[in-house]
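Below: the structure, in structure tokens.
None of the figures in this text is laboratory data; all of them are computed from the coordinates on show. Treat the numbers as computed from the prediction; the structure is a model and nothing was measured. Virtual Cβ from ideal backbone geometry, glycine too; neighbours counted across all protein chains shown.
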Amino acid sequence: MKSGKGRIRIIGGNYRRRLLEVAARPDLRPTPDRVRETLFNWLGQELGGLRCL
């Protein structure tokens, strides 16, 4: 089991390419960049004016 911190990357918006530290836990699996990008492309206009993390 890995200990310490993991990282996820912000893929869009004003903070694009920044890294966030997250707990490295076996039950926490960040969504891959490609999947997040595809999901938000599908949602498109439905998220107008909203913020997502």
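Here the simple spin-label model places points 7 Å from the Cα toward Cβ, and for Arg29 and Arg7 these points are separated by 2.2 nm. Residues Arg29, Arg36, ranked from the fewest to the most other C-beta atoms within 10 Å, line up as Arg29, Arg36. Taken over the stretch 5-47, the convex hull of the Cα atoms encloses 81 Å³ per residue. Length gained on full extension, Asn41 to Leu20, computed as 0.36 nm times the residue gap minus the Cα-Cα distance: 5.4 nm.
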